[in-house]
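Each remark here refers to the structure printed beneath this line.
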Amino acid sequence: MKDAQQVAVIQQMVNDLNMPVEIVPCPIVREEDGLALSSRNVYLSAEQRTQALVLSKALRAAQDAADTGAATNAADIRRILREQIASSPLAVIDYAEIQAFPSLEPLADQEEVQGRDDLLIALAVKFGKTRLIDNIRLQKSEVLSHV
């Protein structure tokens, strides 16, 4: 699930083409400190690597807000993500989004996050020249991937 958007596209392709294939998404593998494992991590300087931990913290904050009802709509989730990531001066946000999964349709600002069948909170953030992606799936307040 490291690249959840790619998983959704492959699943849709398999369904559309009636392929006799079962796609088995696996949870994101993380470093002990929460950073998602990626071959790109080796390109981070020590300071960038430290600041990149903001990604899992932002996802965890958004998840907690959705689970507790502190975030009730997509705008709340986006605000939480952006505020958390902004605490890292080296972070440049490419996107911080909440989408329906597997359609990948972005939720409109006022769309409710509570009671949805399946949501994906996804982000892409640059640290220097290195672009990192991370995500978490939410399903009716049941987290499918832990940060």
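Only one residue in ARG40, ARG49 is among the basic types (Lys, Arg) and either assigned to a loop (DSSP other than H, G, I, E, B) or touching a strand residue (DSSP E or B) at 6+ places or on another chain (Cβ under 6 Å) (or both), so which one is that?
The unique qualifying residue is ARG40.
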| request: Please find, within segment 100-118, the residue that is surrounded by the most Cβ atoms within 10 Å (Cβ to Cβ) out of those that are part of a loop (DSSP other than H, G, I, E, B) and among the aliphatic types (A, V, I, L, M). | output: VAL113
| remark: Quick count over segment 52-75, residues being part of a helix (DSSP H, G or I), of a type in the set (Gly, Ala, Ser) and either touching a His at 6+ places or on another chain (Cβ under 8 Å) or free of Cβ contacts under 8 Å to residues at least 40 places away in the same chain (or both), is 4
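Being out of contact with any strand residue (DSSP E or B) (no Cβ under 8 Å at 6 or more places or on another chain) and modelled with pLDDT of 95 or more narrows it down to one of PRO89, PRO102, so name that one.
PRO89
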| task | Kindly indicate which of PRO25, PRO89 is open to solvent by 90 Å² or more (accessible area, probe 1.4 Å) and not hydrophobic (A, V, I, L, M, F, W, C). | result | PRO89
| request: Identify the residue in segment 33-79 that is farther than 25 Å from GLN6 by Cβ, of a type in the set (D, E, K, R) and at pLDDT 95 or above and, among all such residues, is surrounded by the most Cβ atoms within 10 Å (Cβ to Cβ). | output: ASP76
| Sole exception among (1) of a type in the set (Asp, Glu); (2) at pLDDT 95 or above; (3) assigned to a loop (DSSP other than H, G, I, E, B) for GLU97, by number | (3)
| task | Only residues that are open to solvent by 20 Å² or more (accessible area, probe 1.4 Å), under 15 Å from the mean Cα position of the chain (by Cα) and at pLDDT 95 or above: list them for segment 124-147, please. | result | LYS126, ARG131, ILE133
| Just to be sure, is ILE121 at pLDDT 95 or above, surrounded by 18 or more Cβ atoms within 10 Å (Cβ to Cβ) and in contact with a helix residue (DSSP H, G or I) (Cβ under 7 Å, 6 or more places away or on another chain)? | yes
| said: For a quick check of your reading of the model, give me the residue pairs whose first member lies in segment 76-98 and is over 20 Å from ARG137 (Cα atoms), whose second is part of a helix (DSSP H, G or I) and of a type outside the set (A, V, I, L, M, F, W, C), with beta-carbon atoms closer than 8 Å and at least 6 apart or on different chains. | reply: SER88/GLN51; PRO89/GLN51; LEU90/GLU47; LEU90/GLN48; LEU90/GLN51; ALA91/GLN51
| task | May I ask you to list the residues in segment 48-91 that are over 13 Å from the mean Cα position of the chain (by Cα) and small (Gly, Ala, Ser)? | result | ALA52, ALA65, ALA66, GLY69, ALA70, ALA71, ALA74, ALA75, ALA86, SER87, SER88, ALA91
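The values are calculated or read from the model by the stated rules, or taken from the named source; none is laboratory data. Bear in mind that the values here come from a model prediction, so they are computed numbers and not experimental data. Please note: Cβ atoms are built from the backbone with ideal geometry, for glycine as well, and neighbour counts cover all protein chains shown. The accessibility values were calculated without ligands, DNA or RNA, using every heavy atom of the protein model including side chains. Shrake-Rupley method; radii C 1.70, N 1.55, O 1.52, S 1.80 Å.
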